[in-house]
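So the structure is just underneath, and the comments pick up after that.
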Amino acid sequence: MLKLVTILVAAVLTHNIALTYLLGMCPFISLSQRLKTASGMGVAVILVVVLTAAINWPIYHLILLPTNSELIYYIVFILVIAGSVQLLEMVMERFFPVLQAHFGIFLPLITVNCTVLAVSLFMVLRTYSFVTTLVFSLGSALGWTLAIVIVAAINEKLRLVGDVPKGLRGPGIVMITAGIIALAFLGFGGMVNIQ
Amino acid sequence: MTLRKLLGKEGYKTFMKGVWKDHPIGSMCLGICSALAVSNTVANAVAMGVGVTFVLLATAVIVSSLRKLIPLRVRIIVYMITISAFVIVVDKVLKAFFPDISEAVGPYVGLIITNCIIMGRAEAFYSQNTLPLSLLDAVANGISYSYTLISIAIVREILGFGTLLGFKVTPEGWENWVVMSLAPGAFFLLGIFLWVTRTLAGVEPPREG
Amino acid sequence: MNGRIRMIAFVLILASILTGALTSVEAWTKPIIARNEALKIKRNVMAALELDYEDAALEKTFADTVSVVEKEGRTFYVTDDKTVAFPINGSGLWGPISGVLAVEPDGVTVKGITIVHQEETPGLGSRIAEQAYLDKFRAKRLHQGIRITEEGKASGDNEVDGITGATLSCQAFARILNSEASANLPGVKEIQQ
């Protein structure tokens with residue numbers, strides 16, 4: 001139990017997938033200008049990351065390993081991710097149209113979001129159990145969302161009150177802001193011991 | 001200009017676009033993920049640059065040669081399968097012949113698959129252009145990706161580790177700027193890099209909203 | 001329907017060709033990768049045991065001078081003069097730390113330590129993997145547990161200097177050494193009888 005809590009805290013704070021591992025940056029740049037879009041993307045990411053991790057684990061451990069085909073696991077994982085995203089889109093359109101209206105546009109972008117594939121890759125690399133994978137994926141997605149929301153909130157404020165130099169507007173200032181937040185998150189280091 | 005003569009008018013245009021005007025990272029903001037994570041030492045940056053260029057070339061070969069045959073509806077899946085397969089090749093070759101670098105960049109090699117540059121070029125260019133032009137585009141994008149990574153890596157390695165390609169270059173008593181070898185350093189440097197290139201290239205800032 | 005079949009067929013054929021190519025790359029690289037792994041462990045054991053070797057002759061030298069003993073699921077590397085080395089694993093500050101610890105024939109003094117893998121802060125915590133730091137553990141005794149002191153203040157034969165700015169990593173490393181020592185020393189003692 002304690003191990004799961006450790007992994008959750010590590011994934012959100014000390015080993016934040018965006019601010020420590022520098023993953024999932026593409027949408028970071030384009031979507032962290034507005035708090036609303038950032039949080040929308042965050043929710044979509046949480047859904048997809050947990051769903052795909054939950055699907056990829058049994059595929060890797062129950063199908064690929066026993067048949068000695070782990071060689072192609074990259075291909076299988078990315079196809080599963082693409083497929084799950086499609087599935088999620090269809091399900092949302094059919095059963096949760098309100099959600100679809102709010103988050104629908106983000107889904108296609110998530111397929112190439114490094115975060116989703118990375119969580120599955122880490123799960124394999126660190127040989128996590130199924131439950132640990134669920135906790136880890138939730139934590140990572142939460143951490144990513146936390147990071148993008150913080151940066152978006154700051155950037156929104158910055159645009160209102162600050163005088164950002166022309167060349168720095170857009171992606172440039174997002175990077176600088178993210179850097180400062182990443183620096184702050186470094187302070188969490190040492191909170192938990194992770195294996 | 002001899003390069004222009006060598007590549008022909010179309011070819012030269014394609015090449016220069018990839019290297020400067022439509023710089024994948026600077027103006028199109030693609031492929032940032034790994035640019036940040038892998039640029040902490042020059043050796044890693046070179047390895048990643050070579051890896052991405054290889055996958056770009058291989059993808060260009062497959063997608064461009066088969067472009068008239070790939071059914072429209074499944075083209076994204078085709079790109080994914082192709083890119084993943086060649087990324088696996090890069091991964092295996094690194095593990096076998098450069099195990100130290102493989103340990104350092106490990107999971108990020110797998111993430112070349114989600115590197116927007118490759119998918120983006122496949123969809124926007126290789127699926128609609130001849131093989132020679134596609135190869136040129138692949139080389140051009142590979143070069144610009146590599147030089148971005150390497151320039152950031154040079155600064156990060158010197159400031160953060162005091163070395164360049166493993167050779168100590170800083171004087172005695174130099175205190176390493178550890179922050180440079182960690183995430184925040186990457187963010188700051190990329191921010192500065194974007195600032196410089198976007199100002200020089202006169203890129204318009206994105207519409208607020 | 002025809003279009004559908006064409007789509008599926010194309011994807012399947014492409015996937016099969018690529019997988020075929022991949023399988024040959026795998027067959028080519030797999031033995032090399034396995035050998036790299038084995039060599040890495042051997043290099044570290046040799047370094048911890050302070051045995052010299054020429055890179056090209058590593059495997060032969062290893063086979064000649066070190067015997068591998070398996071006891072209760074633990075692996076021990078023993079030399080003729082009964083110096084014993086064993087792998088150590090544990091959590092560092094940022095990630096797992098793994099290495100090799102070698103113990104003198106008296107069963108309690110450190111002969112040498114190497115670190116195989118660590119993910120500590122570059123330039124700070126990761127300095128625990130530097131040879132100059134690991135050398136500080138030489139000739140220290142394990143029976144009371146190693147203690148990390150402020151840099152420059154170590155005096156007893158179970159105290160080792162910490163690295164200023166890397167206290168947590170050093171302490172984590174000492175914790176790993178101590179717990180692995182208590183887990184493995186009984187086995188070492190048996191071998192050295």
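Report the residue count in region B:32-58 for those that are surrounded by 22 or more Cβ atoms within 10 Å (Cβ to Cβ), more than 14 Å from chain A (Cβ to nearest Cβ), under 19 Å from B:Ala140 (Cβ atoms) and of a type outside the set (A, V, I, L, M, F, W, C).
1
B:Arg67 versus (1) in a helix (DSSP H, G or I); (2) of a type in the set (Lys, Arg); (3) more than 27 Å from A:Leu23 (Cα to Cα); (4) in contact (Cβ under 8 Å) with a residue 24 or more places away in the chain: which is the lone unmet condition?
(1) is the only condition that B:Arg67 fails.
Residues are listed down the side, and each one gets a yes or a no for (1) buried (at least 19 other Cβ atoms within 10 Å of the Cβ); (2) facing another protein chain (nearest Cβ under 9 Å); (3) among the charged types (D, E, K, R):
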position: A:Lys3; (1), (2), (3): no, no, yes
position: A:Thr14; (1), (2), (3): yes, yes, no
position: A:Met25; (1), (2), (3): yes, yes, no
position: A:Phe28; (1), (2), (3): yes, yes, no
position: A:Lys36; (1), (2), (3): no, no, yes
position: A:Met41; (1), (2), (3): yes, no, no
position: A:Ala54; (1), (2), (3): no, no, no
position: A:Leu65; (1), (2), (3): no, no, no
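With the checklist (1) part of a helix (DSSP H, G or I); (2) more than 9 Å from every other protein chain (Cβ to nearest Cβ); (3) at pLDDT below 85 in hand, flag the one item B:Phe193 doesn't pass.
Going through (1) part of a helix (DSSP H, G or I); (2) more than 9 Å from every other protein chain (Cβ to nearest Cβ); (3) at pLDDT below 85 one by one, B:Phe193 breaks only (2).
Please count how many residues of region C:159-177 are under 14 Å from C:Thr109 (Cα atoms) and either surrounded by 18 or more Cβ atoms within 10 Å (Cβ to Cβ) or in contact with a helix residue (DSSP H, G or I) (Cβ under 6 Å, 6 or more places away or on another chain) (or both). Break it down into steps so the answer makes sense when it comes.
As a first pass, look at region C:159-177 and keep what is under 14 Å from C:Thr109 (Cα atoms): C:159-160, C:177.
Subsequent filtering for residues that are either surrounded by 18 or more Cβ atoms within 10 Å (Cβ to Cβ) or in contact with a helix residue (DSSP H, G or I) (Cβ under 6 Å, 6 or more places away or on another chain) (or both) retains C:160, C:177.
Residues that pass the stated criteria total 2.
Being within 14 Å of another protein chain (Cβ to nearest Cβ) and out of contact with any Ser or Thr (no Cβ under 9 Å at 6 or more places or on another chain) is the filter here, so list the residues in region B:156-184 that pass it.
Let us first name the residues in region B:156-184 that are within 14 Å of another protein chain (Cβ to nearest Cβ), namely B:156-163, B:166, B:168, B:170, B:174-184.
B:Lys168, B:Trp174, B:Glu175, B:Trp177, B:Val179, B:Met180, B:Pro184, listed by residue number.
If you scan region A:69-121, which residues turn out to be buried (at least 20 other Cβ atoms within 10 Å of the Cβ) and polar (S, T, N, Q)?
A:Ser84, A:Thr111, A:Asn113, A:Thr115, A:Ser120 - these are the residues of region A:69-121 that are buried (at least 20 other Cβ atoms within 10 Å of the Cβ) and polar (S, T, N, Q).
Hey, among the residues in region C:157-193 that are part of a loop (DSSP other than H, G, I, E, B) and either more than 24 Å from C:Phe86 (Cβ to Cβ) or among the acidic types (Asp, Glu) (or both), which one's modelled with the lowest pLDDT? Can you show your working first?
As a first pass, look at region C:157-193 and keep what is part of a loop (DSSP other than H, G, I, E, B): C:157-158, C:162-166, C:193.
If we keep only those that are either more than 24 Å from C:Phe86 (Cβ to Cβ) or among the acidic types (Asp, Glu) (or both) too, we end up with C:157, C:162-166.
Values: C:Asp157: 84, C:Gly162: 88, C:Ile163: 86, C:Thr164: 80, C:Gly165: 76, C:Ala166: 82.
Top of the filtered list is C:Gly165.
Check B:Ile77, B:Ile117 and return the single one that is more than 9 Å from chain C (Cβ to nearest Cβ) and in a helix (DSSP H, G or I). It would help to see each step written out before you state the result.
On the way: B:Ile77 fails: more than 9 Å from chain C (Cβ to nearest Cβ).
Criteria check complete, one pass: B:Ile117.
Do we have C:Lys40 as within 10 Å of another protein chain (Cβ to nearest Cβ), surrounded by 14 or more Cβ atoms within 10 Å (Cβ to Cβ), without any contact (Cβ under 8 Å) to a residue 40 or more places away in the chain and not acidic (Asp, Glu) here? Before the answer, list the steps.
Values: within 10 Å of another protein chain (Cβ to nearest Cβ): yes; surrounded by 14 or more Cβ atoms within 10 Å (Cβ to Cβ): yes; without any contact (Cβ under 8 Å) to a residue 40 or more places away in the chain: no; not acidic (Asp, Glu): yes.
Here the answer is no, as C:Lys40 does not meet what is asked.
Against the conditions (1) out of contact with any strand residue (DSSP E or B) (no Cβ under 7 Å at 6 or more places or on another chain); (2) within 14 Å of another protein chain (Cβ to nearest Cβ); (3) in contact (Cβ under 8 Å) with a residue 12 or more places away in the chain, where does C:Leu22 fall short? Just the number, please.
It is condition (3) that C:Leu22 fails.
Got a sec? Which helices (runs of 4 or more DSSP H) wholly within region A:83-188 have at least 1 residues that are over 30 Å from C:Thr121 (Cα atoms) and within 14 Å of chain B (Cβ to nearest Cβ)? Please lay out each step first, then the result.
On the way: elements: A:97-103, A:107-110, A:114-125, A:130-161, A:171-186.
In region A:83-188, A:107-110, A:130-161 are the helices (runs of 4 or more DSSP H) which contain 1 or more residues that are over 30 Å from C:Thr121 (Cα atoms) and within 14 Å of chain B (Cβ to nearest Cβ).
(1) small (Gly, Ala, Ser); (2) surrounded by 20 or more Cβ atoms within 10 Å (Cβ to Cβ); (3) under 20 Å from the mean Cα position of the chain (by Cα): which one isn't true of C:Ser98, the others all being true?
Result: C:Ser98 fails condition (2) only.
The values are calculated or read from the model by the stated rules, or taken from the named source; none is laboratory data. Computed from a prediction, not measured in an experiment: that's the story for all the values here. Counting neighbours? That spans all protein chains shown, and the Cβs are built from the backbone with ideal geometry, glycine included.
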